[in-house]
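Step one of this worksheet: look at the structure below.
The values are calculated or read from the model by the stated rules, or taken from the named source; none is laboratory data. Worth saying up front: this structure is predicted, and the values here are computed from it rather than measured. In this analysis, Cβ positions are derived from the backbone assuming ideal geometry, glycine residues included, and neighbour counts consider all displayed protein chains. The protein model used for the area step is the full one, side chains on, heavy atoms only, and it has no ligands, DNA or RNA in it. Shrake-Rupley method; radii C 1.70, N 1.55, O 1.52, S 1.80 Å.
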Amino acid sequence: MRGDNRPEGDSLTAGQERSVKAAGLKKRFPTHTRYHYRMKFPLLALTFLAALLPAFAAAENFLVKDGRPHAQIIVREDAPRPLELAAEQLQEYVQKISGARLPIHDRIDENIPVKIYVGQSQYTDQLGLDGDQFIHGGFHVKSGDDWLALVGRDRRFVWPKISPRKHSDLPKVYEEWDQASGEKFRYPYPTIWKTHHRELDIHEKDERGSFNATTYFLRSLGVRWYLPDEIGEVVPEKRTIALPEIDKEVRPDFPIRWPNQHARRFGGASQKEALWHWRMGWSQAPEVIGYGNGSHDIAGVTDRDETRKEHPEYYALLENGERDHIKQCLSSEGLFQANLRYIKALDQVFGDKFVQVMPADAYTSICKCPLCEGLDTPEKGYRGLLSNYAWEYSDKVAKEIYKTHPDITVSNQAYGTYVVPPDNITKFSPNFVPQLAQHRHDFIDPDKKKTTLAHRQAFIDMLPEGGKIMINEKYRWGNHKPMYYPHIIAEDLKSLKGISLGGIYEVFRSQNKQKRGEGIDWMADMHLNLYVTSMFWWDADQDIEELLGYYYKSFYGPAEKEMKAFIEYSEKNWPSSDRDPVIIGELFTLIDKALNKVEEGSIYAKRVSMVYDHIRPLQEVQAKLAMGREDVPLAYAIKLFKKKHGEITVDGKLDEEVWSKWPTYKLKDLETGGKPEFQTTFKAIWDDGSSSMIFGVKCDEDTTKDLNISAKENDDMAIFAGDVVEIIIETLSHSYYQIAISPNGVMTDLDRKDDIESRWNSEATVATFIGEDFWSLEIEIPVAGENQGLLLPFNGVAGSAPVEVYPWYFNIGRARIRGEDKQVSSFNGEGFHDVVKFGKMHFRVIKKE
């Protein structure tokens, strides 16, 4: 970048350079670390400088004419960094478009025909333009006969009164926070330093209305930033840029527009990616949600060791009589009062007016203390197990805060076991905002969409007059599936306009922890979902077809029609694109057509190839699917003949003779793939007379005196916090069921077909036996027939006997938990729920002896 702001190709002679210096022109170095400066122009120097600029045409209705500059960018001398960056961006992209480099001044040169006012200044004041009225990143773009104004509200982020600028600052910060709050609360903003980009000296929370205005104007010229790297940038060539006739006030439809990218925080991103964040128009909206004190933030009260020692009553009681030390007891009066003091401390010390009151993560089983007994709602299913419990607590906090601090907003998020709306609240407190967690990609399933929207409407009905919700979306990496859903995004955001503040979206860049955040290949499909989301956050009523039409044309060029066909096919079929070889084949047919349309080595070829490389692993999946599940482990079940083998008593002992007549299958350690430290074996029997499958499982121990038993009643989700054996079954007609058994014989059964349906009852009979150095179980699971899922979806296993032609697919896993030591093993040596890698099972008959 040229520091003197002269157009490329217009050089000053050595004498002219000396004259410029003599006239008093000075270089201005901003405080940020980029090696760039712009000139400060004293009034006496402007006329002299005009003589050095190229001659302008008489017409004053062009910014650029035939590749020559006809305009100057005016930004005030004391411009904050976001405003300064807006002027630099405008200068940079006008030059990329036209070849002309517009000079940046802090006062008008009357010899340059057209003025572009970037941000508030004395000149926009004279024009009666007020950028400060445009909150949430909005702006005003207006033109006159010889000027264009791009103005919004521009303010630097103000760091919290007590804040870390790097991780090593936290010990000192905690000392100051403890002193200021008077209690041992968790410091609320430990990672706020990660939202500051040091190289660019910009903050994710900076208000940047004028930057948004310049981005808007550049988009009107055809510029797009679909991806942060050059491969995602679209810059049209225009030798002439007319001064537009425009008077446009732009206000976003949603103030909170924040995709929180896992593994790539703003402060650690490259300069290109940080600027891309801004160009997408995203905003953490500190004017709405303050500094952003995180989720699950009852932990702000309970996440200190000092609190765990002094107030054990704040924490959930477990079946074994111990306290959880992570999950809270929401019936604790002490916790409630401490939560109120925490919120008031945030306001007093930081002025934070938005606080989340949300229980600990993975809260799957209610506290076992007498005060909490009966407060769960298992009749609502797994997603509603703790709905009344969690929402009543957060609303209770909000009501109490409202009495003394009505300007503080309290929020909770529908999450995990409290997604289903509560039925013990008629109207939320006036200062309450429910946040609704969802997976928009699930809307491709009509039933899931219907359920999500029904839950949403129920929460909306509980809002006070003028109340709003927030959406906490999760955009997941599709594991090489072409996971496009732009129409779903557009439709949903349009329906949310006026009732939602926007939201915080979790964006998962990759499922591979070693590769998270590397490059941009993870965004081969995600970039379009993010782009559509970003544009509809600003204008939810726009035409999605028009938006996509320009995307296909500008991004894929000669492969426009072919990539449109590919993306539209993907949008309809991506959920099955890792399970159906026909769909995979069609995807590659369509992408091959696109590749044949682009010139090798061109930018369009690189963009199509990026998508091709993203889905390439599906070819291997296709080959495996074509072969069937032949490479998965196989286990046989004995076919039981009661006259020959006798009855089996389900007592957990595995002592009937028939158990000894068949091979034993061993589980593999999930980390090593080899023998676990504590071996687990199983056998299976198919009882044709009762149409049931019987599993016998033996779990070795060094001693059974320290078994970790975390549940005492059936269907208690706390079972997964202790020692457990899980049996997972996929029949020909249903995929899949999950049954968990604890050493004490407690069972939790779940239907995993669509989500986690805890109301399903397997109708299984289970028993366990505890020896000195092992524990074992027997479970008899009746199979109710192929149509059971349609007739009685909450009862019994839908399916038929596993025969060689139509086998079952299954997995058996064991988790052995001793404090921080967790050993996990399974039959297939993979994750318990990796459907494609489930083992295969069918029965065989024992030959005559």
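Which condition breaks for P434 when tested against (1) within 28 Å of S570 (Cα to Cα); (2) open to solvent by less than 10 Å² (accessible area, probe 1.4 Å)?
P434 satisfies all of (1) within 28 Å of S570 (Cα to Cα); (2) open to solvent by less than 10 Å² (accessible area, probe 1.4 Å) except (1).
Just name the residue that is least open to solvent (accessible area, probe 1.4 Å) out of those in the range 601-631 that are modelled with pLDDT of 85 or more and assigned to a loop (DSSP other than H, G, I, E, B).
Among those that are modelled with pLDDT of 85 or more and assigned to a loop (DSSP other than H, G, I, E, B), it is S602.
Could you list all residues from the range 467-518 that are modelled with pLDDT of 95 or more and assigned to a strand (DSSP E or B)?
Within the range 467-518, I469, M470, I471, S500, L501, G502 meet the criteria.
Kindly indicate whether any position in the range 651-665 is in contact with a strand residue (DSSP E or B) (Cβ under 8 Å, 6 or more places away or on another chain), open to solvent by 70 Å² or more (accessible area, probe 1.4 Å) and not in a loop (DSSP other than H, G, I, E, B).
No, the conditions are met nowhere in the range 651-665.
Within the range 744-765, how many residues are under 23 Å from T704 (Cβ atoms) and free of Cβ contacts under 8 Å to residues at least 40 places away in the same chain?
The qualifying residues number 4.
I need the strands (runs of 3 or more DSSP E) fully contained in the range 669-738, keeping only those with at least 1 residues that are of a type outside the set (D, E), open to solvent by 10 Å² or more (accessible area, probe 1.4 Å) and over 27 Å from N320 (Cβ atoms).
Those strands (runs of 3 or more DSSP E) span 680-687.
Out of all the residues in the range 566-579, is one or more more than 26 Å from P259 (Cα to Cα) and surrounded by fewer than 16 Cβ atoms within 10 Å (Cβ to Cβ)?
yes
Return yes or no: is K643 modelled with pLDDT of 90 or more and open to solvent by 80 Å² or more (accessible area, probe 1.4 Å)?
In short, no.
Going through D297, D352 one at a time, which residue ends up being out of contact with any strand residue (DSSP E or B) (no Cβ under 8 Å at 6 or more places or on another chain), open to solvent by less than 10 Å² (accessible area, probe 1.4 Å), touching a residue at least 40 places away in the same chain (Cβ under 8 Å) and within 22 Å of D395 (Cβ to Cβ)?
D352
Among the candidates K840, K848, K822, which residue alone is surrounded by fewer than 18 Cβ atoms within 10 Å (Cβ to Cβ), at pLDDT 90 or above and over 23 Å from D447 (Cβ atoms)?
Matching residue, one of K840, K848, K822: K822.
Scan the range 576-595 and give yes if some residue there is assigned to a loop (DSSP other than H, G, I, E, B), farther than 29 Å from G281 by Cα and in contact with a Phe, Trp or Tyr (Cβ under 7 Å, 6 or more places away or on another chain), otherwise no.
Scanning the range 576-595 turns up no residue that is assigned to a loop (DSSP other than H, G, I, E, B), farther than 29 Å from G281 by Cα and in contact with a Phe, Trp or Tyr (Cβ under 7 Å, 6 or more places away or on another chain).
If C372 satisfies all but one of (1) surrounded by fewer than 22 Cβ atoms within 10 Å (Cβ to Cβ); (2) within 19 Å of L335 (Cα to Cα); (3) out of contact with any Cys (no Cβ under 9 Å at 6 or more places or on another chain), what's the number of the condition it fails?
For C372, the exception is condition (3).
Applying the selection to the range 300-309, what residues are part of a helix (DSSP H, G or I), touching a Lys or Arg at 6+ places or on another chain (Cβ under 8 Å) and open to solvent by 60 Å² or more (accessible area, probe 1.4 Å)?
Across the range 300-309, the qualifying residue is only E306.
Counting only residues that are within 30 Å of Y117 (Cβ to Cβ) and of a type in the set (A, V, I, L, M), which one in the range 173-218 is nearest to the chain's Cα centre (by Cα)?
Only one residue tops the list, namely I202.
Looking only at the range 271-292, count how many residues are open to solvent by less than 10 Å² (accessible area, probe 1.4 Å), in contact with a Ser or Thr (Cβ under 7 Å, 6 or more places away or on another chain) and of a type outside the set (A, V, I, L, M).
1
For the range 181-203, does any single residue satisfy the condition of being open to solvent by 10 Å² or more (accessible area, probe 1.4 Å), modelled with pLDDT under 95 and among the polar types (S, T, N, Q)?
yes
Give the number of residues within the range 164-195 that are in contact with a Gly (Cβ under 7 Å, 6 or more places away or on another chain) and not in a loop (DSSP other than H, G, I, E, B).
Residues that pass the stated criteria total 3.
Looking at the range 532-559 only, could you name the residues that are touching a residue at least 24 places away in the same chain (Cβ under 8 Å), closer than 26 Å to S602 by Cβ and open to solvent by less than 10 Å² (accessible area, probe 1.4 Å)?
If the condition is that a residue be touching a residue at least 24 places away in the same chain (Cβ under 8 Å), closer than 26 Å to S602 by Cβ and open to solvent by less than 10 Å² (accessible area, probe 1.4 Å), then V532, L548, Y551, F555, Y556, A559 are the ones that fit.
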